[in-house]
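Values in this text are rule-based calculations from the coordinates and carry no lab data. Remember, it's a predicted structure, so these values are computed and weren't measured experimentally.
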Amino acid sequence: MRSIARYPEVRGDGSLWVPLAPPPAPTYRQLSPQDSGIAGARAVVSYSTEWLTELRVLTDPYEQREDGSRWVVQLCDEGAWHDFDRHGIDPISAERLVASVRLVFVLDSV
């Protein structure tokens, strides 16, 4: 897993704002709760100050709360994905990242 720093920009009124936009290349699209069949897709996660890159999607998005107010997805790094995909070894909890779908961007296949 690798990270890319995100820097705040100054708005016209002097306040700071951190843009929520994926890394410039390759092209990514924001994950949605309706996405399915995306296990293995390359992904990045947006945190407040950095991008986590070189991740793979482990699960389809699912509701974390019964009221449907929080949709999450599980991800892992490339090494854990290799062990899972090639050898059937499930990533341990320390190798899993659970993130809100609003913060996850997947590689656009277009």
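The table that follows gives values for the structure above.
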| quantity | calculated |
| --- | --- |
| Length added when fully stretched, D108-Q64, from 0.36 nm per residue minus Cα-Cα | 13.3 nm |
| Chain lengthening between S100 and S36 when straightened (0.36 nm per residue, less Cα-Cα) | 21.5 nm |
